[in-house]
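Every number here is computed from the coordinates shown, using simple stated rules; none is lab data. All values reported here derive from a predicted model rather than from experimental measurement. Here Cβ is always computed from backbone atoms with ideal geometry, including for glycine, and neighbour counts include all displayed protein chains.
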Amino acid sequence: MKLHRIPVGPFATNCVLVTDDAGDGIVVDPGGDADRIAERISALSIRPALIVLTHGHLDHCLDVAAISNRYGIPVAIHPLDLPLYRNLPRQVEALLGPVAAAAMRPDPLPEPGLLLNDGDRIPIGSLEAEVLHLPGHTPGGVGLLIRTEPPTLLCGDTIFRDGIGRTDLWGGSFESLIHSIRTRIFRLPDDTRLVCGHGAETTVGREKAFFPYD
């Protein structure tokens, strides 16, 4: 597996390109800077087949339309986050204000071609990722578990290095978030690599050791 992390957009979201050794891959969370993402895809000779959204917040899907249209590839998201996804312009206005919303004017989003559910398998060329439903930050948040050695989990905004995702936005639940972390993420091997939606990577073992929440 090859993994390429590109901080994009106004919130420095980690857009992640995941590929097998032959260059077949997926694009995870294209939250802005579509040209930068495309430049990296070209430079690495990646053949993207799918866009996967770990959740439907604006900073993870601002440039979904641009990437989907450029490569003619479908979008995958958990069905519980469709209301967020389909209301991207309202998210922009609510979080960034009407002036920013008018300036950004995100392209109309394509209807998702794949709805993700817990346990689904997503092919990545010769590899595959298992979908883990991780509600809490949003109702339909997901992680992508790739059983490399050690395993790799693209965990979106569920957990960060020294932190957790916020739960004060629409559909967020602190109790659900902690449950997702403790019962799904912390049951993975301690050396599991956590590729977060923002900031640096970490591991399951490191976050378990310093986790401050009951």
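With θ taken as phi - 60° and the Karplus curve 6.51 cos²θ - 1.76 cosθ + 1.60 applied, the whole-hertz 3J(HN,Hα) list for region 74-86 is x, 10, 10, 7, 6, x, 5, 9, 4, x, 5, 4, 6 Hz, x standing for glycine and proline. Its relative contact order, with pairs defined as Cα atoms under 8 Å and 6+ residues apart, puts region 2-210 at 16 percent. Computed 3J(HN,Hα) for region 128-135, one whole-Hz value per residue from the Karplus formula 6.51 cos²θ - 1.76 cosθ + 1.60 where θ = phi - 60°, is 8, 10, 9, 7, 10, 6, 10, x, glycine and proline marked x.
Relative to the current alpha-carbon distance between SER173 and ARG187, full extension at 0.36 nm per residue lengthens the span by 3.0 nm. Using a simple spin-label model with pseudo-atoms 7 Å out from Cα toward Cβ, ASP162 and ALA94 lie 3.0 nm apart.
Put a dot 7 Å past each Cα toward the Cβ at ASN117 and GLU149; how far apart are the dots in nm? Here the answer is 3.3 nm between the modelled labels. Largest mean-square fluctuation among VAL99, VAL64, VAL204, in a Gaussian network model of the chain whose springs join Cα atoms under 10 Å apart, belongs to VAL99.
What the phi angles of region 107-122 give under the Karplus curve with 6.51, -1.76 and 1.60, with θ = phi - 60°, is a coupling list of 4, x, 6, x, 5, x, x, 8, 9, 8, 9, 3, x, 4, 10, 10 Hz, glycine and proline written as x.
For the chain, take N as its residue count and report Rg(C-alpha) divided by 2.2 N^0.38 Å. Write out the running numbers ahead of the final one.
Values: Rg = 16.1 Å, N = 214, 2.2 N^0.38 = 16.9 Å.
It is 0.95.
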